[in-house]
Amino acid sequence: MDWRKLLFPGLTHEEFADAYAQTVTFAMLLARVDGIAFEGRSLGQIAAHLGKNHSLMGKALAVLTHDAVEGRSVVAETLKRVIGAVDWDRISDGSADSYLHLYEHFLEAYDSDLRKESGSYYTPNEVVSFMVRFVDDILRNRFRREGGFAADDVVAVDPAMGTGTYLLNIVNSVARTVEKEEGKGAVPAQLKKLFGRLIGLERQAGPYAVAELRLNQALKTEHGAEVAEKDQKLYVADTLDSPFDDTHLDLGSMYEPIVRSRREANRVKRETRVQVVIGNPPYRERAKGLGGWIEQGAENSGVSTPLLDFKAAGLGRYEYVLSNMYVYFWRWATWKVFDAHPDQPAGIVAFITTSGYTTGPGFAGMREYLRRTADEGWIIDLSPEGHQPDVSTRVFPGVQQPLCIGIFARYGMGNRETPALIHHISLAGHRSEKFARLAKLAIDGPGWADCATGWPDRLQPAEGKDWRSYPALGDLMPWQAPGIKPNRTWVYDPSPDTLRLRWERLIKAPAGDKAILFKESDSRKVDSVIQPITGLAPHAGTIQDETSPCPNPVRVSYRSFDRQWVIPDNRVHHRPSPDLWRVASDSQIYTVEQHAQPLGNGPGLVFASHVPDMDHFKGSAGGRVLPLYRDRAAGSPNLAPGLTRLLSDRLGLPLTAPDVLAYVAAVTAHSGYTTRFAQELRTPGVRVPLTADAELWTRAVHLGRRIIWLHTYGEHFADWAEGRPAGPPRPDPAHRAKSQVAIPGTTEEMPDGIFYDPETATLHVGAGRISPVRPEVWAYEVSGMKIVKKWFGYRKKNPAGRKSSPLDNIHSEEWPAEFTTELLQLLHVLTLCVELEPDQTDLLEKICNSPLISVGDLEKASVLPVPASARKAPAPESPEAPTLL
């Protein structure tokens, strides 16, 4: 099978089958786009016609569908009939993007898991256009190439071309430059010249075919140019293959177009001087053995194994992270631009990849190489929200890892003893906000901060007593999960009796009404067979056939400081966050962080005893939950491995996981924190300054225990001797809010409004009155959510909030005594929180001015980066273990 070795070298059987299918499919599609009729023609004849304009894809189709295949393959014949019927003129809108969207939809439907494994993600055009523009600016302003990419001596390569988006943007950039300088009539000729120095390498034939289609379509329809295939430098080739050994390509004339493509690609990789390498290389962890000559070297290359230059002495145990496809591509690109041609070592490498190389200890050697080899660099952090950020903030919605754009330039021979000047900027917020900021970002514009200059230092602004030296909460507590998301509001209520009434209405409804009452979603329907999960009530059968009474409602942390009830049945929850229920216990404490949006006024974090809702923090915009323990038995803390030991050693104090959490609460859970760091918190993600002063630490733990005692309504850190009795906290009698005029409990007088009179310090709830209530309590908020008003809104005569089902119309029609009691408890808790804030603010000031345990200290002690295993959800426990219910 010489043709397999030639077309698909190094692939497993499964990968070969996938590549085979994609190649045949897109070769046939290319034939239809070229207007080749299928009727009355064999696949061999179709391939021959295709080869006239697309010799590589034509020969690939001929080789893969020779007569033996065509005569025996039902699939090949079916593809021929289906694709032969395609009227491309009706599908296409005439733009190059038609082909891109076709391939994107194909890959997602064909095998989305394969896409994730191979790291094949469409790069948004907003990112590509920024990178092309930014590199063009560097060429003009640093290299003095007046035309940027249009300069005759600028050779550019995309080593993982995919569907050609980067090359297409370069074409359009050059076309704009030429039109501006020479006029529209000069564009076609200049684009023909460009294709002599515009190079694309792509391992997979499917995206290669799409790239060829897109580029030719754009040339023809947008720029009035045509470039013959022989004048294009697009190759089906593995960038990481050794370019120094061509002996295995001598396979005879039958394979000549394919052999020629591979041979030309190797010649380019070996001999062509390149000024720019740009793109989005594939991401694949645990890729040891897949890095070709970059990883393993080549005997006849005349140079040592390139990846060795990314390694540092004494860090071998961390450098397993270098076995990643994107790292191999970084090393290939830097070798090609900076090392391969010593007489011309100047150029630019620009990649969007995961950002691990900017901070991880295993990448220290890579960072030293970049600092010694380049003269200047730019890091654009696209994921300051951290690992697994909210989907709305992700540049690639399907990618959980933090991403950055890294651009490094060398202007001449360089100076290996002078570290490169590297600039850094973070872009936070919604995806659209990040795109908008990219569109305005300039190489010498505002907002850049210079990185540290030590050879192995992180590619981040120089660390000092500032924000970035504080560890992120998501690193201190590495396992996080989203709160529960039922996707139907009727499963929550402040009253458990209301939930029982709703359940009864649902199960007794006529069969035809149940779907509407239930509010079906894509994962939950009345006839869905859903398995029970640990921590929720057992069940059997479907909701459609259910006749049993409502399972006993359980407490849930619905909003900050608002405990409600939920029906604990997995069948009614769209996304129940089973990992959180699995670890729920009387010992568990949940920390809730808004990690995807900038924080507003109020505490930076809140704490809860019960499993939180997805929008627990501020009533919208999601957030994440960080449990204190990874198990119900409270035996496995959710802290970075080694953190407690390091803190104990540095402070000279015996510490426990609850002590660490209490410290975090003291430092972050107050408005002084969000006020002091208002600017920094515009980039989402809480950071915690860790004092190295034992006295300040002890004071913080004492304060933090009281904070968590308040946030959990006395369910945690109760200690009578310390003034924290078990049960709902209460201020001293002189400051304790009390019901002065009863809130009416009749249906007619059920309160529907609430307001505060600051002159009398009275809270008016319908006709009822509660005092004394401090103004700060009435105004208390969590990032814009007014706590008292929000709490009342769910309990008033006409409850606030969206309604997902007619079942939401079943709610309390009278104000029960329990509501008054719970309202007083809320006011008491907020009163005591307000009283603590001056102490917390004073403590934070002292901590920030004290000796600190920095991110660098944690890295030196191998506490950071956190191992991947610590971020994974805990494995399910034995089903026989006791549950919360």
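Inside segment 428-455, residues that are outside any loop (DSSP other than H, G, I, E, B), within 21 Å of LEU599 (Cα to Cα) and free of Cβ contacts under 8 Å to residues at least 24 places away in the same chain make up a count of 4. Here LEU580 meets the list (1) buried (at least 22 other Cβ atoms within 10 Å of the Cβ); (2) under 21 Å from GLY685 (Cβ atoms) almost entirely, failing just condition (1). So, LEU661, is that one in contact (Cβ under 8 Å) with a residue 40 or more places away in the chain, in a helix (DSSP H, G or I) and under 19 Å from SER469 (Cβ atoms) or not? Considered against the rule, which asks whether it is in contact (Cβ under 8 Å) with a residue 40 or more places away in the chain, in a helix (DSSP H, G or I) and under 19 Å from SER469 (Cβ atoms), LEU661 comes out as no.
Would you mind telling me which numbered condition in (1) over 30 Å from MET325 (Cβ atoms); (2) in contact with a helix residue (DSSP H, G or I) (Cβ under 7 Å, 6 or more places away or on another chain) LYS193 fails? Failing condition for LYS193: (2).
Let's see how each residue does on (1) of a type outside the set (A, V, I, L, M, F, W, C); (2) open to solvent by less than 30 Å² (accessible area, probe 1.4 Å); (3) farther than 22 Å from ALA621 by Cβ:
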| residue | (1), (2), (3) |
| --- | --- |
| TRP455 | no, no, yes |
| GLN460 | yes, yes, yes |
| LEU473 | no, yes, no |
| ILE484 | no, yes, no |
| ARG488 | yes, yes, no |
| VAL491 | no, yes, no |
| LEU506 | no, yes, yes |
| ALA515 | no, no, yes |
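Count, please, the residues in segment 853-869 that happen to be surrounded by 20 or more Cβ atoms within 10 Å (Cβ to Cβ) and assigned to a helix (DSSP H, G or I). Summing the residues that are surrounded by 20 or more Cβ atoms within 10 Å (Cβ to Cβ) and assigned to a helix (DSSP H, G or I) in segment 853-869 gives 2. The residues in segment 361-382 that are open to solvent by 10 Å² or more (accessible area, probe 1.4 Å) and closer than 15 Å to GLY856 by Cα can be counted, and the count is 2. Where helices (runs of 4 or more DSSP H) fall entirely within segment 76-156, those with at least 2 residues that are closer than 28 Å to LYS434 by Cα, open to solvent by 50 Å² or more (accessible area, probe 1.4 Å) and at pLDDT below 70 are at 97-118. Set side by side, the residues LEU655, LEU651, LEU639 differ, and just one is out of contact with any Ser or Thr (no Cβ under 6 Å at 6 or more places or on another chain), hydrophobic (A, V, I, L, M, F, W, C) and over 27 Å from SER426 (Cβ atoms), which is LEU651.
Of the residues ALA209, ALA228, which single one is more than 35 Å from the chain's Cα centre (by Cα), of a type in the set (A, V, I, L, M) and either open to solvent by 10 Å² or more (accessible area, probe 1.4 Å) or at pLDDT below 85 (or both)? When all the criteria are applied, what remains is ALA228.
Is it fair to say GLY535 is assigned to a loop (DSSP other than H, G, I, E, B) and surrounded by 22 or more Cβ atoms within 10 Å (Cβ to Cβ)? Criteria met by GLY535. Starting from segment 701-729, take each residue that is of a type in the set (S, T, N, Q) and list its partners that are outside any loop (DSSP other than H, G, I, E, B), counting only C-beta distances under 7 angstrom and pairs at least six apart or across chains. Final answer for the pair search is THR712/PHE607; THR712/ALA608. Taken as a whole, the condition of being over 21 Å from the mean Cα position of the chain (by Cα) and buried (at least 23 other Cβ atoms within 10 Å of the Cβ) applies to ALA409.
A single member of TRP490, TRP565, TRP503, TRP581 is under 29 Å from ARG705 (Cα atoms), part of a helix (DSSP H, G or I) and aromatic (Phe, Trp, Tyr), and it is TRP581. In this structure, does LEU647 turn out to be assigned to a helix (DSSP H, G or I), at pLDDT 95 or above, under 19 Å from ASP839 (Cβ atoms) and of a type outside the set (Asp, Glu)? No: the conditions fail for LEU647. Are there strands (runs of 3 or more DSSP E) fully within segment 374-427 with at least 1 residues that are in contact with a Pro (Cβ under 9 Å, 6 or more places away or on another chain) and either within 18 Å of THR358 (Cβ to Cβ) or free of Cβ contacts under 8 Å to residues at least 40 places away in the same chain (or both)? List them. Hits in segment 374-427: 376-381, 421-426. Answer with yes or no whether SER609 is in contact (Cβ under 8 Å) with a residue 60 or more places away in the chain and touching a Ser or Thr at 6+ places or on another chain (Cβ under 6 Å). In short, yes. Among the residues examined, TYR208 does not qualify as among the aromatic types (Phe, Trp, Tyr), within 22 Å of VAL274 (Cβ to Cβ) and not in a helix (DSSP H, G or I).
Of everything in segment 538-556 that is of a type in the set (D, E, K, R) and in contact (Cβ under 8 Å) with a residue 24 or more places away in the chain, the residue that is least open to solvent (accessible area, probe 1.4 Å) is GLU546. Among residues of segment 462-471 being outside any loop (DSSP other than H, G, I, E, B) and open to solvent by 20 Å² or more (accessible area, probe 1.4 Å), the one that is nearest to CYS848 (Cα to Cα) is TRP467.
The condition (being at pLDDT 85 or above and either assigned to a strand (DSSP E or B) or farther than 22 Å from PHE26 by Cβ (or both)) is satisfied by just one residue among ARG263, ARG284: ARG284.
Considered as a group, the residues in segment 670-693 that are assigned to a helix (DSSP H, G or I) and of a type in the set (Gly, Ala, Ser) include one that is nearest to ILE853 (Cα to Cα), and that residue is GLY672.
The set of residues from segment 584-612 being in a loop (DSSP other than H, G, I, E, B) and among the aromatic types (Phe, Trp, Tyr) is empty. The residues of segment 458-513 that are closer than 29 Å to THR674 by Cα and either among the charged types (D, E, K, R) or touching a Phe, Trp or Tyr at 6+ places or on another chain (Cβ under 6 Å) (or both), listed by number, are ARG458, GLU463, LYS465, ASP466, ARG468, ASP475, LYS485. Report the residue count in segment 122-150 for those that are more than 28 Å from MET413 (Cα to Cα) and over 32 Å from the mean Cα position of the chain (by Cα). The number of residues fulfilling the criteria is 0. Mind listing whichever residues of segment 785-803 are open to solvent by 70 Å² or more (accessible area, probe 1.4 Å) and without any contact (Cβ under 8 Å) to a residue 60 or more places away in the chain? LYS786, LYS789, LYS797, ASN798 - these are the residues of segment 785-803 that are open to solvent by 70 Å² or more (accessible area, probe 1.4 Å) and without any contact (Cβ under 8 Å) to a residue 60 or more places away in the chain.
The values are calculated or read from the model by the stated rules, or taken from the named source; none is laboratory data. None of the values given here were measured: they were computed from a predicted structure. FYI the Cβ positions are ideal-geometry reconstructions off the backbone, even for glycines, and counts take in every protein chain you see. Heavy atoms of the whole protein, side chains included, go into the accessibility calculation; ligands, DNA and RNA do not. Shrake-Rupley method; radii C 1.70, N 1.55, O 1.52, S 1.80 Å.
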